[in-house]
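Read through the structure below, which is laid out as structure tokens, and then see the notes.
The values are calculated or read from the model by the stated rules, or taken from the named source; none is laboratory data. The structure presented is a predicted model; accordingly, all values stated were derived computationally and were not measured. Using ideal geometry, Cβ is built from the backbone for each residue, glycine included, and neighbour counts are taken over all protein chains shown. Side chains are part of the model used for accessible areas, which takes the heavy atoms of the whole protein and leaves out ligands, DNA and RNA. Shrake-Rupley method; radii C 1.70, N 1.55, O 1.52, S 1.80 Å.
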Amino acid sequence: MLGLTPAESETYRTLISVASATPAELAESVGCDTRQVVRILGMLEGRGLATRSLGDTARFVASPPAAALRALLIERQNELKLAELELDSLDEIYRAAALGRGAADVVDVIHGTEAIRERIGQMQLGAQNEVMNLVKAPVLSVGNMTDAAVIARGVRYRVVLERALLDEGALPIDEVAQARAKGEEFRTAEAVPLKLFIVDREFAIVPLLGSASAAKPGALLVHASTLLDALIALFESEWEKATEFATSAGALHNAPAIDDLDAQILSLSLTGLADKAIAAQLNSSLRTVQRRVRNLMDIAKVQNRIQLGYRAARLGWLETEPAGNRTT
């Protein structure tokens, strides 16, 4: 509560519920040591949240919350405004320095998996507009790549997955479904040229695959430059060529009356996965997958998978919408 510790907040809440109290009485009520309560009361008194009783200075009374806490709230708001001004100032200094970067300053080298994870995490949490990601095998595990709080701020996530990740089971479809439910947009490609992570079109990280003899993994951090512009253009090109990917029937735009499993089978099938690989991804039987593919063909009134893919594209079955844009 406005900068108070849990113990301080509980003591103040207890004090405002009684006419007055001694440190010993408060200690008994909150379950703390009397000496600790004495220290807390001294702090509350210093911040104008408590005062000594006029009739008995050994007893304490709470200051009216509306007046006392409003002062703390104003103080906190002022601190936030100062922090925003400082942030703007630092950002201006950084951008001014960025404009003067030479060729050697455009790219920084990050050494080690942990350092790469940390930098990607920082960039993700600081995203304001958009995160773009090309995901290529082998996967560099960086924990939760999608932060729900970031998406809640309106940050758009676009991800292109290399098909091998699904074919080999390196990325379970359950994880894709969970990320998509948070708001990520997914497409799949036969292959992507490199691993790439771009934030707000201002920074990019390019993890380097390296060789077996490399001492440890590395990555390039690319700042605003023509090189970054080229990486952004590369992502946009791969995004346009990639296939829409749905993990639930509700994500499909113009699809017929099919269930979530049908939507997943359709998406995986159109990426080029064999029925056996689809069954493994969905923890289903090969016979079930084949039967449902046949049913999808019947719904689309086609004779083979190629026609099914063409029909689905033509009818816009896989024109998915971001989870955050759908209404229920």
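Quick notes
- Applying 0.36 nm per residue to the separation of Lys241 and Leu73 and subtracting their alpha-carbon distance, the gain on full extension is 55.3 nm.
- The alpha-carbon of Lys195 sits under 13 angstrom from the alpha-carbons of these aspartates and glutamates, leaving out residues fewer than 8 places away in its chain: Glu162, Glu238.
- Between Lys301 and Arg201, the C-beta separation translates, for a Förster distance of 30 Å, into a calculated FRET efficiency of about 0.10.
- Net +/- balance of residues flanking Glu190 in space, Cβ distance below 10 Å, scoring K and R +1, D and E -1: +1
- Nonpolar atom fraction for region 258-300, defined as the carbon and sulfur part of the 1.4 Å probe accessible area, stands at 46 percent.
- Proximity of backbone amide H atoms, modeled 1.01 Å from N, is registered between Ala50 and Glu45, Ser63 at under 5 Å, excluding neighbours fewer than 5 places apart on the same chain.
- Using the Karplus relation 6.51 cos²θ - 1.76 cosθ + 1.60 with θ = phi - 60°, the per-residue 3J(HN,Hα) values for region 75-80 come to 4, 5, 4, 5, 4, 5 Hz, with x marking Gly and Pro.
- For Lys276, a cut-off of 16 angstrom between C-alpha atoms picks up these aspartates and glutamates, skipping any fewer than 8 places away in its own chain: Asp167, Glu168, Asp262.
- Net charge of Cβ neighbours under 11 Å - reference Glu8; Lys, Arg +1; Asp, Glu -1: +2
- In plain terms, the chain from Gln128 to Leu208 could stretch by 26.2 nm, reckoned as 0.36 nm per residue minus the Cα-Cα distance.
- Inter-site label distance for Leu227 and Asn283 at 7 Å from Cα along Cβ, in nm: 4.4 nm
- Label-point separation, Leu82 to Ala181 (7 Å along Cα→Cβ), nm: 4.4 nm
- The residues packed around Ala27, meaning those with a beta-carbon under 9 Å from its beta-carbon, carry a net charge of -2 if Lys and Arg are +1 and Asp and Glu are -1.
- Listed by chain and number, the aspartates and glutamates placed with their C-alpha closer than 16 angstrom to that of Lys182 are Glu130, Asp147, Asp174, Glu321; residues fewer than eight positions away on the same chain are left out.
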